[in-house]
Amino acid sequence: MSVVTVQLGQCGNQVGQELFDSICSDSQDGQRKTYSSASCERFFHQTTHGDLVARAVLIDMEPKVINHSMTKAAHSGRWRYGDASHFSQKQGSGNNWANGYCVHGPRHREVVEELVRREVERCDRLAGLMAMMSVAGGTGSGVGTYATQCLRDVYPKSYILNHLTWPYGTGEVIVQNYNSVLTLAHLYQLSDAILVHENDTVHRICSQLLNIKHISFSDVNRVIAHQLGSVLQPALTADSHGAYSRNPLGEMVSALACHPEYKLLSVCTIPQMPSSSLAYSTFSWPALLKHLRQMLISNSKMEEGIDWQVRPPAASERTRSLTAGASFNTSLANLLILRGKDVYCAETGGFEDPALYTSWLSTEEAFNLWKSPVPFNKYEKSATLVSNSQALLRPLDNMVGKAWNMFASRAYIHQYIKFGISEEDFLDSFTSLEQVISSYSQLS
């Protein structure tokens, strides 16, 4: 089964290109015929000349980034984008969600739907659609939200996963919190699951784990692509009976998004280090999984600076307020993906501890494990955790709080009203996200 990716805006197109590059280099590394063919069927189709063409649609309101992504892919010599699988205009969305959602989206709906339909029809069987976008700007967030709405209308029974890149907290765009609130509130009604990467977290990984001195967007995007690839590449699930799983999006959504109030997924991967250090490093499953478990419960997004003092609450302490249990990260569901050498010897019992999870879901339903004996991207052993937990509660609360403060003083509201977004639309979005915040707060 195949995944069709829709890359939206500057961020979505840049991250998407890095993702396909990471997946392609991983699947073509060494003698792994079954793994490679499963990966290629999932993300690429082959031309009559044997070229690998990404199952992707590229959309932006300016041509520069799309042209660069297509050129970069073609120059890799391993894969490319389809010659007619992209759409761009000469005028951007001006970092305004309303401009993207109310103007550019409806204006170009038919073209976008036709591009996606062509990619879907190339699939023997469709596993689902993955929309990749930022929440800060205008095209990624506004057009991306509108495009997701169109996909939901046209493919009502298909899985839709939205991958979102959250902006730096210090700010890239003055109205980024407005754009983020409007995007998230709308996507919560449309998407099956929302997988989030925070720029601040990824930036710290580049700096502290990969020792990159001058961090570029390309460095950040490569880390995001590595983590996404480790989730989406073929793996063996409990139900796959020795064959690689057929539907990565469906199985991930089923494992993690078991309730419509809880759709926010975070990702962390271990180990992550400069490629020059890999040859001198050895890893054991007990050590990797011990660190990853502590990263989960203390809400540390990387293995450096883990708070080892945080412990799961005893049964008698399970009913606490958000502030009382601020340091412990309660999970609704977790998906652990192990890749590499001796993967069948790894002991994962630490992730099956009922104390990690909310009381209303059994551990058998809350924890899922995928494995693959094939190493991922040169790492002899690696573990990735996709978590539906309170990990994104604080950044979400902060973002909504900042947006509300601006809204209360009516800052920049006129810029949205002139494109057709009313104050009631803002209030509806705030109400929707306050409900999400309340639901995640009550997990602990």
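The values are calculated or read from the model by the stated rules, or taken from the named source; none is laboratory data. Just so it is clear, the model here is predicted, and its values are computed rather than measured. Note that we place each Cβ from the backbone using ideal geometry, even for glycine, and neighbour counts take in every protein chain shown. Ligands, DNA and RNA are excluded from the accessible area calculation, which covers all protein heavy atoms including side chains. Shrake-Rupley method; radii C 1.70, N 1.55, O 1.52, S 1.80 Å.
Does Ala147 satisfy the condition of being among the small types (Gly, Ala, Ser), modelled with pLDDT of 90 or more, touching a strand residue (DSSP E or B) at 6+ places or on another chain (Cβ under 9 Å) and farther than 14 Å from Ile59 by Cβ? Write out each step before concluding.
Working: among the small types (Gly, Ala, Ser): yes; modelled with pLDDT of 90 or more: yes; touching a strand residue (DSSP E or B) at 6+ places or on another chain (Cβ under 9 Å): yes; farther than 14 Å from Ile59 by Cβ: no.
Against the criterion (among the small types (Gly, Ala, Ser), modelled with pLDDT of 90 or more, touching a strand residue (DSSP E or B) at 6+ places or on another chain (Cβ under 9 Å) and farther than 14 Å from Ile59 by Cβ), Ala147 does not qualify.
Has the stretch 145-152 got at least one residue that is among the charged types (D, E, K, R) and out of contact with any helix residue (DSSP H, G or I) (no Cβ under 6 Å at 6 or more places or on another chain)?
Let us first name the residues in the stretch 145-152 that are among the charged types (D, E, K, R), namely 152.
Next cut, out of contact with any helix residue (DSSP H, G or I) (no Cβ under 6 Å at 6 or more places or on another chain) only: none.
No, every residue in the stretch 145-152 fails to be among the charged types (D, E, K, R) and out of contact with any helix residue (DSSP H, G or I) (no Cβ under 6 Å at 6 or more places or on another chain).
Being surrounded by fewer than 22 Cβ atoms within 10 Å (Cβ to Cβ) and over 16 Å from Thr358 (Cα atoms) is the filter here; which residues of the stretch 250-259 pass it?
Passing the criteria: Gly250, Glu251, Val253, Ser254.
I'd like the full set of residues that are part of a loop (DSSP other than H, G, I, E, B) and either within 15 Å of the chain's Cα centre (by Cα) or on the phi > 0 side of the Ramachandran plot (or both), limited to the stretch 137-168.
Answer for the stretch 137-168, where residues must be part of a loop (DSSP other than H, G, I, E, B) and either within 15 Å of the chain's Cα centre (by Cα) or on the phi > 0 side of the Ramachandran plot (or both): Tyr159, Pro167.
Look at the stretch 160-173 and say how many of its residues are at pLDDT 95 or above and either surrounded by fewer than 23 Cβ atoms within 10 Å (Cβ to Cβ) or of a type in the set (A, V, I, L, M, F, W, C) (or both). Even if it seems obvious, please write down each step before you answer.
Within the stretch 160-173, the subset at pLDDT 95 or above is 160-164.
Still in the running and either surrounded by fewer than 23 Cβ atoms within 10 Å (Cβ to Cβ) or of a type in the set (A, V, I, L, M, F, W, C) (or both): 160-161, 164.
So the answer is 3.
Count, please, the residues in the stretch 238-280 that happen to be among the aromatic types (Phe, Trp, Tyr), over 18 Å from the mean Cα position of the chain (by Cα) and not in a loop (DSSP other than H, G, I, E, B). Full working, then the answer.
Residues of the stretch 238-280 that are among the aromatic types (Phe, Trp, Tyr), as a first pass: 244, 262, 280.
Remaining after also requiring over 18 Å from the mean Cα position of the chain (by Cα): 244, 280.
From the residues that got through so far, the ones that are not in a loop (DSSP other than H, G, I, E, B) too are none.
Counting residues in the stretch 238-280 that are among the aromatic types (Phe, Trp, Tyr), over 18 Å from the mean Cα position of the chain (by Cα) and not in a loop (DSSP other than H, G, I, E, B) gives 0.
Every residue in the stretch 3-52 that is open to solvent by less than 20 Å² (accessible area, probe 1.4 Å) and over 25 Å from Ser134 (Cβ atoms), please.
Listed by number, the residues that qualify are Ser27, Tyr35, Ser39, Leu52.
Take the residues in the stretch 86-115 that are among the hydroxyl-bearing types (Ser, Thr, Tyr) and surrounded by 20 or more Cβ atoms within 10 Å (Cβ to Cβ), then tell me which one is modelled with the highest pLDDT. Let's see the steps before the verdict.
Filtering the stretch 86-115 for residues among the hydroxyl-bearing types (Ser, Thr, Tyr) gives 88, 93, 101.
Restricting the remaining residues to those that are surrounded by 20 or more Cβ atoms within 10 Å (Cβ to Cβ) gives 93, 101.
Numbers: Ser93: 68, Tyr101: 93.
Only one residue fits best here, namely Tyr101.
Mind listing whichever residues of the stretch 190-205 are open to solvent by 40 Å² or more (accessible area, probe 1.4 Å) and modelled with pLDDT under 95?
Hits for the stretch 190-205 are Asp200, His203, Arg204.
Mind telling me which of the residues Ser216, Ser230 ends up being closer than 19 Å to Leu161 by Cα and either out of contact with any Leu (no Cβ under 8 Å at 6 or more places or on another chain) or crowded, with 23+ Cβ neighbours inside 10 Å (or both)?
Ser230
Test each condition in (1) touching a Gly at 6+ places or on another chain (Cβ under 7 Å); (2) not in a strand (DSSP E or B) for Ser382 and report the one that comes out false.
The single condition Ser382 does not satisfy is (2).
Only one residue in Gly82, Gly12, Gly77 is farther than 25 Å from Asn247 by Cα and not hydrophobic (A, V, I, L, M, F, W, C), so which one is that?
After ruling out the rest, the residue left standing is Gly77.
May I ask you to say which residue of Gly142, Gly128 is touching a residue at least 24 places away in the same chain (Cβ under 8 Å), farther than 14 Å from Ile59 by Cα and touching a Phe, Trp or Tyr at 6+ places or on another chain (Cβ under 6 Å)?
Numbers: Gly142 fails: farther than 14 Å from Ile59 by Cα.
Of Gly142, Gly128, the one residue that is touching a residue at least 24 places away in the same chain (Cβ under 8 Å), farther than 14 Å from Ile59 by Cα and touching a Phe, Trp or Tyr at 6+ places or on another chain (Cβ under 6 Å) is Gly128.
Taking the stretch 213-242 on its own, how many of its residues are in contact (Cβ under 8 Å) with a residue 40 or more places away in the chain and not hydroxyl-bearing (Ser, Thr, Tyr)?
Result for the stretch 213-242: 17.
Given Ala383, Ala411, which one is modelled with pLDDT of 90 or more, loosely packed, with under 15 Cβ neighbours inside 10 Å, more than 15 Å from Leu264 (Cα to Cα) and among the hydrophobic types (A, V, I, L, M, F, W, C)? Write out each step before concluding.
Working: Ala383 fails: loosely packed, with under 15 Cβ neighbours inside 10 Å.
Residue meeting the stated conditions: Ala411.
Quick check, is Leu182 surrounded by 24 or more Cβ atoms within 10 Å (Cβ to Cβ), in contact (Cβ under 8 Å) with a residue 12 or more places away in the chain and closer than 22 Å to Glu110 by Cα?
On the way: surrounded by 24 or more Cβ atoms within 10 Å (Cβ to Cβ): yes; in contact (Cβ under 8 Å) with a residue 12 or more places away in the chain: yes; closer than 22 Å to Glu110 by Cα: no.
Considered against the rule, which asks whether it is surrounded by 24 or more Cβ atoms within 10 Å (Cβ to Cβ), in contact (Cβ under 8 Å) with a residue 12 or more places away in the chain and closer than 22 Å to Glu110 by Cα, Leu182 comes out as no.
Looking only at the stretch 53-76, which residues are more than 28 Å from Ser141 (Cβ to Cβ) and open to solvent by 70 Å² or more (accessible area, probe 1.4 Å)?
Of everything in the stretch 53-76, just one residue is more than 28 Å from Ser141 (Cβ to Cβ) and open to solvent by 70 Å² or more (accessible area, probe 1.4 Å), namely His75.
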